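The values are calculated or read from the model by the stated rules, or taken from the named source; none is laboratory data. What you see is a predicted model; the values in this text were computed from it and never measured. Cβ: placed from backbone, ideal geometry, glycine included. Neighbour counts: every protein chain shown. For the accessible areas, the whole protein counts, side chains as well, though only heavy atoms, and no ligand, DNA or RNA atoms are used. Shrake-Rupley method; radii C 1.70, N 1.55, O 1.52, S 1.80 Å.
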Amino acid sequence: MTKEKFMIRAYGKSEYAMMLFPHIDDPKVAQAKLLRWIKKDKQFHQSLVGMGLSSHDKDYSPEQVRAMVEKFGAPGEYEV
């Protein structure tokens with residue numbers, strides 16, 4: 001079985017969180033869990049803010065997604 005390569009692009013915040021946490025049924029809960037992961041590392045959180053991360057945005061930019069993949073791994077690469 002071949003694994004598809006994860007594509008770095010803009011993702012909706014809920015969309016990306018649900019990809020990271022497919023076992024969570026509620027997109028808001030998945031999004032809150034991802035935000036907790038991000039905020040655990042203040043320096044990482046600040047780097048995302050420097051890339052334009054805002055609580056008002058509905059999407060993560062490709063640059064922000066790349067940073068999260070480098071930090072957490074691509075969705076589907078691990079069991080949570």
Residues that are open to solvent by 50 Å² or more (accessible area, probe 1.4 Å) and in contact (Cβ under 8 Å) with a residue 24 or more places away in the chain: does the stretch 42-56 have at least one? no
Yes or no: LEU34 surrounded by 11 or more Cβ atoms within 10 Å (Cβ to Cβ), at pLDDT below 95 and in contact with a helix residue (DSSP H, G or I) (Cβ under 9 Å, 6 or more places away or on another chain)? no
Restricted to the stretch 6-26, and to residues that are in contact with a strand residue (DSSP E or B) (Cβ under 8 Å, 6 or more places away or on another chain), not basic (Lys, Arg) and not in a loop (DSSP other than H, G, I, E, B), which residue is farthest from TYR60 (Cα to Cα)? MET19
If you scan the stretch 45-66, which residues turn out to be outside any loop (DSSP other than H, G, I, E, B), out of contact with any helix residue (DSSP H, G or I) (no Cβ under 6 Å at 6 or more places or on another chain) and either of a type in the set (A, V, I, L, M, F, W, C) or at pLDDT below 95 (or both)? VAL49, VAL65
Would you confirm, using the coordinates I've provided, whether VAL29 is in contact (Cβ under 8 Å) with a residue 40 or more places away in the chain and in a helix (DSSP H, G or I)? no
